[in-house]
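Shown below is the structure under consideration.
Taken together, the values in this text are just the output of simple stated rules run on the coordinates, not laboratory data. These numbers come from a predicted model, not from an experiment. Cβ sites come from the backbone with ideal geometry, for glycine too, and all protein chains shown count toward neighbours.
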Amino acid sequence: MTLNESKKEVEKGINIFISNLSEQELYRPISYILELGGKRLRPSLALLSSAFFGGNVEDILHPALAVEVFHNFSLMHDDIMDNAPIRRGQETVHEKWNTNSAILSGDAMLVQAYKLVINTEDSNIKPLNELFSQTAIEVCEGQQFDMDFETRDNVSIEEYIEMITLKTSVLIACALKMGAITAGAADNEANLIYDYGINMGIAFQLRDDYLDAFGQMEKVGKQKGGDILANKKTYLALKAISNANEIERAQLIELQKEPNPKLKVEQTLRLFTSLGVDKDIEHLSKSYFAKALASLRSCEGNPKILEEFLTFSEGLMVREY
C-alpha cells in the first residue's frame with residue numbers, strides 16, 4: 001500500500017460516513033467541514049502503519065476515520081476560539097451558521113469519533129479507546145498552553161516544544177500507533193512507530209515555523225511572516241529573545257508594536273537572521289527529524305512501506321512553502 005492508496009481509502013470512508021449522517025440540522029455543519037477536504041494525513045498514516053505491520057484496511061479504517069473526525073472537531077472549536085473567518089478557503093462553521101451551532105455540532109463530532117474508534121475487532125477496542133482518550137486530552141492541554149502563551153511574557157523554549165507536541169504531534173503519533181495495534185504489532189513496535197510520529201510532528205511544526213518566516217510564500221500567495229505579525233511566541237521569537245543582548249531584546253519587543261506590517265516583518269527577520277535563529281531552528285528541526293527516522297528504522301515492518309514512510313518524511317522536511 002502507498003500513501004496515495006491510503007488516502008483514497010480514507011476519502012471513500014469519509015464519503016460513506018457523511019452519507020450515513022442524519023439530515024437533521026445538528027449534522028449539517030459536520031458534513032460541511034468534512035467536505036471542505038484537507039490532506040487527510042493522519043488517517044492515511046494510520047492505514048499505512050497498519051499495512052506496514054501486516055494489518056488490513058477493514059480493521060483500521062474506522063479508528064482512522066475517528067482521528068480525522070476528531071481533528072476536524074478540534075478545528076471547528078479552535079476556529080471559534082480564534083474568531084477565524086476562513087477555513088480551507090471557505091467560511092468557518094461558526095461564521096456560516098453561528099457559534100452555538102458550531103459548539104453543539106462539534107460536540108456531536110466528538111461523540112461520533114468515539115463511535116468510530118470502537119468499530120473494530122473486540123480485542124482492539126480497549127487499547128484503542130485508551131490511546132484515543134489520552135490523545136484527546138493532550139490535544140486539549142496543548143490548546144490551553146497555546147491560549148496561555150498569548151498573555152504570558154515568560155514562555156520558555158521547553159514549554160513551546162511541549163505545546164507543539166501536544167497540539168500537533170500526539171494526534172499523528174496516535175494515528176500511527178492505532179495502525180500498529182489493529183495490525184497486532186508487538187508493544188515495542190507500536191511504541192516505536194508512536195515515537196516516530198511524535199518526533200516527526202515536532203520536526204514538521206518547527207519546519208512550518210521556519211517557512212512562515214523564511215519560506216517562499218509567493219508560490220502559494222500566502223503572507224510572509226504571519227506569525228510575526230500576530231506576535232506569536234514561536235521557537236524563532238523565543239530563541240531570538242534568548243540569543244539577543246539587551247539592546248537587541250529591546251528592539252524585538254518594540255517591533256511587536258510596529259504598525260507597518262511590511263516594516264515589522266522585514267526588520268524582525270533581519271534581527272532573526274543576525275541572531276542566528278534561522279540556523280538554530282533548522283538545526284533543531286533536523287535533530288527531531290533524525291530521532292524520528294531512527295525510531296522508524298528500528299521497526300520491523302514491510303520494507304516497501306518503510307520506503308514509503310521515508311519518502312513521505314523527507315518530503316515534509318525539504319518543502320519550501
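Of all the Cα-Cα pairs you can form in segment 138-207, what percent are over 19 Å apart? Numbers along the way, then the final one.
On the way: 955 of 2415 pairs.
Taking all Cα-Cα pairs of segment 138-207, the fraction more than 19 Å apart is 40 percent.
How long are the three semi-axes of the equivalent ellipsoid for the chain, computed from the Cα gyration tensor as the root of 5 times each eigenvalue, in whole Å, largest first?
Whole-Å semi-axes of the equivalent ellipsoid: 34, 25, 17.
Follow-up. Nearest 10 degrees, 0 to 90: what angle lies between the long axis of helix 246-255 and the longest principal axis of the chain (Cα atoms)?
Approximately 70 degrees, to the nearest 10.
Treating the angle as unsigned and between 0 and 90°, give the value, to the nearest 10°, between the Cα long axis of helix 277-298 and the longest Cα principal axis of the chain.
It works out to around 20 degrees.
Something else about it: Only helical DSSP H runs with n ≥ 4 go in: add -39500 (n - 2.57) per run for the chain, normalise by residue count and round the 222 nm mean residue ellipticity to 500 deg cm²/dmol.
Taken over the chain, the calculation gives -24000 deg cm²/dmol.
Something else now. So how far, in whole Å, is the C-alpha centre of segment 286-318 from the one of segment 49-90?
22 Å
Same structure, new question: Tilt of helix 187-214 relative to the longest C-alpha principal axis of the chain, in degrees (0 to 90, nearest 10)?
Tilt of helix 187-214: around 40 degrees.
With θ taken as phi - 60° and the coefficients 6.51, -1.76 and 1.60, list the Karplus ³J(HN,Hα) couplings across segment 95-101 in order, rounded to whole Hz; mark glycine and proline as x.
7, 6, 9, 6, 4, 4, 5
Given H placed 1.01 Å from N in the peptide plane, which residues other than close sequence neighbours of R87 have an amide H under 5 Å from its amide H?
When sequence neighbours closer than 5 places are left aside, the close amide H contacts are T92.
For segment 1-149, take the convex hull of the Cα atoms, compute a quarter of its surface area, and give me that in nm², please.
Working: hull surface 36.8 nm².
If I average the Cα hull's projected area over directions, I get 9.2 nm².
Moving to a separate point now. Could you sort out which of K8/K167; K7/K304; K224/K257 sit more than 20 Å apart by Cα distance in this structure? Kindly include the intermediate steps, with their values, before the conclusion.
Values: K8/K167 26 Å; K7/K304 17 Å; K224/K257 18 Å.
Going by Cα-Cα distance, K8/K167 fall outside the 20 Å limit.
Another question about this same structure. Choose one answer from M163, M200, M178: the residue with the largest mean-square fluctuation in a GNM of the chain with alpha-carbon springs under 10 Å.
Among M163, M200, M178, the largest GNM mean-square fluctuation belongs to M163.
Compare the Cα positions of S133, I164, L3 along the charge dipole of the chain (+1 at Cβ of Lys, Arg; -1 at Cβ of Asp, Glu; about the Cα centre) and return the one farthest towards the positive end.
About the Cα centre, the residue reaching furthest to the positive side is L3.
What percentages make up the Cα-Cα pair-distance distribution of segment 243-321 when the bins are 5 Å wide from 0?
The calculated distribution, bin by bin, is 3, 12, 16, 15, 12, 10, 10, 8, 7, 5, 2, 0.
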